[in-house]
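Here the structure comes first, spelled out in structure tokens, and everything after it is commentary.
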Amino acid sequence: MAVLAGALPAHAGAQEPRSAAAITDFRVNDPAQMDARAKLLARAEGELARGEVSAANDTFERAAMMLHAPDTEMGLVRTYMQAGQYRKALAFCAHVAGAHLESGPAGGLYAWLLRAGGQNEFADRVLRETLARLPQDPVALEVRRAFASPTPVATGAMLQTPQRMAPQPLLMGDQPPITEAARVVSGGVLIANGTLALVPSAALRPDATQAIWVRDGLGRTTRAHVDSATQPLASYAVTVLRLNPPLPSEGLPALAPRDPFAGSAGFAFEYAAQQDATPAWPWLSQGFFGTLQSGDAPRKLGIGIGVAGTTHGGPVLDAAGRLAGMVLPGRDEPMMLAASRWAEALPESSQVAKAPVAPQAGAITRPGGAIPSDEAYEGGLRSALQLIVVPLK
């Protein structure tokens, strides 16, 4: 009987089974090459942690040429996410999870990215299939525990490399590190080409706050302060923060030219509530805008988001991916402050899209300029903010 290359003969049952990598890629048996590969991976992770995305991409690619393995490819997925290329990351992660069925972390990372982009049912299916193959995999089990919440939080092994399910924390400019006492208290919206942020006033009490930062979905973090001279949105319970230094404006969605009609499609972004200042990717929800309110009152959001366990204040995009408003807490359901309201009160808040992310070749768009959800998510990564504070003792 012929024996498959790399497989064990029948009489060697007492030996340890060979790994999938040893069977499919014999280069794993070369100690010198694997040592060089390990050094490349460590170098790439360091570059990614410092925000050197282009360099990290090149280094991960060099490591990938040395062995076809899930750890290298998950590093590339996270590099694409750090660059704000969610569509590319999602497509490549589908390959990683499919080509490496022996890797629970690859399946867990793919499920996480799917759910972040609003594909909840598909995410659950991917995770179920991963656990059916690998019922004791610790990373997949942690993802399942997190998915039990409407708004999952990455903890433990989910924050370890190579499967890290969150952006790297990157401080803009010459700033001291965020202290351990800091915590995320709300979401927010980046406007005015990266110079201003809008946050719910209920989440921010300057008299009870020692320091303030905001962080986008790419992990980029900067100091913020309340401009006490003027708060033109105070009547809407929204506080304007000035950022120093500003956050990058490339790829920010342009302001919608008009308020979306009731019943039209849109996207809302929120972060999961958490007890620390860990970076996170935002969660996207799709739906249809609610009805307008009389007078100056904010309108009903309409788009179903996880009310429990979320931080309000995130951006709302219309069907074409333009910034249409921000999520505000309501008495019975989330509300939305239309972008037209703050555009009137803050002339400097008007922004145009700068260096928008180019659609992938063959991408399908919907009629009337509407975009698919994965493209909308890329705009949310740049405009959805975590509001981070250090409370006064």
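Can you tell me which residues in segment 249-266 are in contact (Cβ under 8 Å) with a residue 60 or more places away in the chain, more than 14 Å from L337 (Cα to Cα) and not hydroxyl-bearing (S, T, Y)? Within segment 249-266, E250, G251, L252, P253, A254, P257, A265 qualify.
Could you please find all residues in segment 131-156 being among the small types (G, A, S) and buried (at least 19 other Cβ atoms within 10 Å of the Cβ)? If the condition is that a residue be among the small types (G, A, S) and buried (at least 19 other Cβ atoms within 10 Å of the Cβ), then A140, A146, A154 are the ones that fit.
Scanning segment 185-231 for residues being of a type in the set (A, V, I, L, M, F, W, C) and surrounded by fewer than 15 Cβ atoms within 10 Å (Cβ to Cβ) gives a total of 2. Checking each residue of segment 173-183 against the condition of being buried (at least 24 other Cβ atoms within 10 Å of the Cβ) and not assigned by TED's automatic domain parsing to the domain that holds T79 gives no match. Please work out if A273 is surrounded by fewer than 15 Cβ atoms within 10 Å (Cβ to Cβ) and in contact with a Ser or Thr (Cβ under 6 Å, 6 or more places away or on another chain). Criteria not met by A273. Total residues in segment 248-272 satisfying the condition of being of a type in the set (S, T, Y) and out of contact with any strand residue (DSSP E or B) (no Cβ under 6 Å at 6 or more places or on another chain): the figure is 1. Just to be sure before I move on: is G46 part of a helix (DSSP H, G or I), free of Cβ contacts under 8 Å to residues at least 60 places away in the same chain and either closer than 30 Å to D174 by Cβ or more than 17 Å from the chain's Cα centre (by Cα) (or both) in the structure I sent? Against the criterion (part of a helix (DSSP H, G or I), free of Cβ contacts under 8 Å to residues at least 60 places away in the same chain and either closer than 30 Å to D174 by Cβ or more than 17 Å from the chain's Cα centre (by Cα) (or both)), G46 qualifies. Of note, G313 satisfies the criterion of being of a type in the set (G, A, S), surrounded by 24 or more Cβ atoms within 10 Å (Cβ to Cβ) and not in a strand (DSSP E or B).
Looking across segment 254-268, the residues that are modelled with pLDDT under 95, touching a helix residue (DSSP H, G or I) at 6+ places or on another chain (Cβ under 8 Å) and surrounded by 15 or more Cβ atoms within 10 Å (Cβ to Cβ) come down to L255, A256, D259. Applying a threshold of 6 Å to beta carbon distances and a minimum spacing of six or more residues, or different chains, the list of pairs starting in segment 164-192 at a residue that is over 21 Å from M81 (Cβ atoms) and ending at one that is among the hydroxyl-bearing types (S, T, Y) and part of a strand (DSSP E or B) reads S186/T311. Taking the conditions (1) in contact with a Ser or Thr (Cβ under 6 Å, 6 or more places away or on another chain); (2) farther than 28 Å from P391 by Cβ in turn, A268 satisfies each one other than (2). Here the helices (runs of 4 or more DSSP H) wholly within segment 49-128 that include at least 1 residues being in contact (Cβ under 8 Å) with a residue 40 or more places away in the chain and over 25 Å from D216 (Cβ atoms) are 70-82, 104-116.
The values are calculated or read from the model by the stated rules, or taken from the named source; none is laboratory data. Because the structure is predicted, anything quoted here is derived from the model rather than measured. Virtual Cβ from ideal backbone geometry, glycine too; neighbours counted across all protein chains shown.
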